[in-house]
Amino acid sequence: MEFNHKRGNLLLQWLIGAGDLIILNLLFFVVAGESKKEILLLLNFCYFFALYFVPVKLHMSVVFIDKIVQRAILLATFHIILFSSCLVFLHIEEILTRSLVFYYITNLFAFPLWRVLVRILLKIYRKKGHDLKQVIIVGAGKNGMELYRVMKHELAYGFTVMGFFDDNVALKDVLPDYLGNTDEVNDYVSRHAIDEIYCTLPGTQDEKILKLLNFAEKNMVRFYIVPEFYRNVKKSLIMEMIESVPLLSVRREPLQASYNRALKRAFDILFSLFVLIAIYPFLFLILGILIKITSPGPVLFKQKRTGLYGHEFECYKFRTMKVNPEADTTQAVKDDPRKTPLGEYLRKTNLDEFPQFLNVLTGDMSVVGPRPHMLKHTEEYSALIDKYMVRHLVKPGVTGWAQVTGYRGETKTLEQMEGRVKRDVWYIENWSFFLDLKIVVVTLFNMFKGERNAY
């Protein structure tokens, strides 16, 4: 069993690579009609080079479908860029540009489909009891029990938990699989094909932890430590290093990387310019006239909102209410008497938000991000919700993850605002360019459908 598992992941990676190559070559032959050996050799070489930057991760215990799709698209993109560059550099002009474009487009569909299919089949295979890692858990405290629950609950993660080791003998009749005290770990691992040891012992037992670690290293068994404070800090902690000193960050922030910020800003500029040139002038003309006819006051409503790092900025909207003194202190509610009939329609279709693309172009906002709140809300909720201000670590957006997952409009209770903040923080920790595109697409769909919670 040890041989099967430890070779299994490597074999799986080779099988995935073989499938990739079959797809690459078959599609290239169909689309470009090219079978010259030197060109096919170049095509395959570029794949292996691209694989260096986007390695196969389908065999890992936990991989989400959207990440599989993203990585497959990224691999296809890297590959076509490398292949096209090589063709230009080597002056190979036999392949038409339109053939390469069509080839790339077909790969954008074929690669993700193939990779997702492999992952689904792997999960089914593991649920049937195959390709499972045999693991033990040392320490039966709160963290150890939670780890056991997660591993046992989802077989598709690929774990077989053999049992617990703990020095509290009283737990023998309570634990689901008590294997002995911590001094018996070495003997048990030596007699069984254990792939991984998960240590959840408290930091006060560092001598025992160090002995277990040294034993695991000598016997080529992977060793993992669950930090003691995880039972209080339920976060996906990120390891960083300052020379040889390890640091744990409480959250992953993809937008801390300058490349990601540049990509997001480039998208913001291009998207906002398109909207402001192609759509906004007509909207401003038509809606401006209708707003003026239906209610006295300015066409645009300007309000101070909280932006990046808590800085204030003036947020623009098409005016949807009668001019009133409570505009900067009272949130819009269902059947709000301050709203005009036209304003009701503008809110439900998101058309009132279009002037905010001016904010996007000037850099105060992004196309996608946590929605900016009025200053009064920031002051109130920052005192009531622990992670409220975390949402200001990125620029506010015209639309956001909270808005497309049911948290748009009025927040009647503290729980509703906590739900919105939770989704905003999740967005910050899980940002990707593809996630932004997904949110934009869902927002456009909701615009045409109309939103029930838009007041």
Please report, in debye to the nearest 20, how large the charge dipole of the chain is about its Cα centre when each Lys and Arg carries +1 at its beta carbon and each Asp and Glu carries -1 there.
1260 debye
Summed side-chain charge close to ASP177 - residues other than ASP177 whose Cβ falls under 15 Å, Lys, Arg +1, Asp, Glu -1:
0
Trypsin sites (Lys or Arg not before Pro) within the range 97-159: which are DSSP loop residues with at most 11 other Cβ atoms inside 10 Å?
LYS128
Tilt relative to the chain, helix 97-127 - C-alpha long axis, 0 to 90 degrees, to 10:
50 degrees
Can you tell me the Rg and the Dmax, both Å, for the Cα atoms in the range 54-155?
20.3, 66
First check a/c for the range 2-127, with a ≥ b ≥ c the square roots of the eigenvalues of its C-alpha gyration tensor; if it is under 1.5, answer rounded, and if not, answer prolate when a/b is larger than b/c or oblate otherwise.
prolate
Among TYR125, PRO176, PRO202, the residue whose Cα sits farthest towards the positive end of the charge dipole of the range 121-207, when +1 is placed on the Cβ of each Lys and Arg and -1 on the Cβ of each Asp and Glu, is TYR125
So what does log10 I(q)/I(0) come out to for the chain at q = 0.06, 0.07 Å⁻¹, using the Debye formula with one equal point on every Cα and no solvent?
-0.40, -0.54
Ratio of the range 133-234's C-alpha Rg to 2.2 N^0.38 Å, to two decimals?
0.99
Rank these for me by crowding, ASP364, ASP173, going from fewest to most other beta carbons within 10 Å.
ASP173, ASP364
In deg cm²/dmol, rounded to 500, what helix-only [θ] at 222 nm does the chain give when every DSSP H run of at least 4 residues adds -39500 (n - 2.57) and the total is split over its residues?
-17000 deg cm²/dmol
Can you tell me what the convex hull of the Cα atoms of the range 180-222 projects to on average, as an area in nm²?
2.9 nm²
In whole angstrom, and with the biggest value first, how far do the Cα coordinates of the range 258-449 range along each principal axis?
45, 38, 31
Can you sort ILE225, ILE194, ILE81 so the residue with the fewest Cβ neighbours within 10 Å comes first?
ILE81, ILE225, ILE194
Let me check I've understood the local charge: for PRO254, count other residues with C-beta under 13 angstrom from its C-beta, Lys and Arg +1, Asp and Glu -1. What total comes out?
+2
Scoring only Lys, Arg, Asp and Glu (+1, +1, -1, -1) among other residues with Cβ under 11 Å from the Cβ of LEU300 yields +1
List every residue whose amide H lies under 5 Å from the amide H of GLY163, counting only residues 5 or more places away in sequence or on a different chain, with H placed 1.01 Å from N in the peptide plane.
ILE137
For the chain, take the longest principal axis of its alpha carbons; what is the angle in degrees between that and the long axis of helix 280-294, to the nearest 10 within 0 to 90?
50 degrees
Taking neighbour counts of Cβ atoms within 10 Å as a proxy for exposure, in what order, fewest first, do TRP431, TRP114 appear?
TRP114, TRP431
Mind pulling the angle between the C-alpha long axis of helix 433-449 and the longest principal axis of the chain? Nearest 10 degrees, somewhere in 0 to 90.
50 degrees
Residues whose placed amide H lies under 5 Å from that of GLY180, excluding near-sequence neighbours:
ASP166
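No value in this document is a laboratory result; all are computed from the given coordinates. What you see is a predicted model, and the numbers here were worked out from it, not measured in a lab. With ideal geometry, Cβ positions are generated from the backbone for all residues, glycine too; neighbour counts draw on all protein chains shown.
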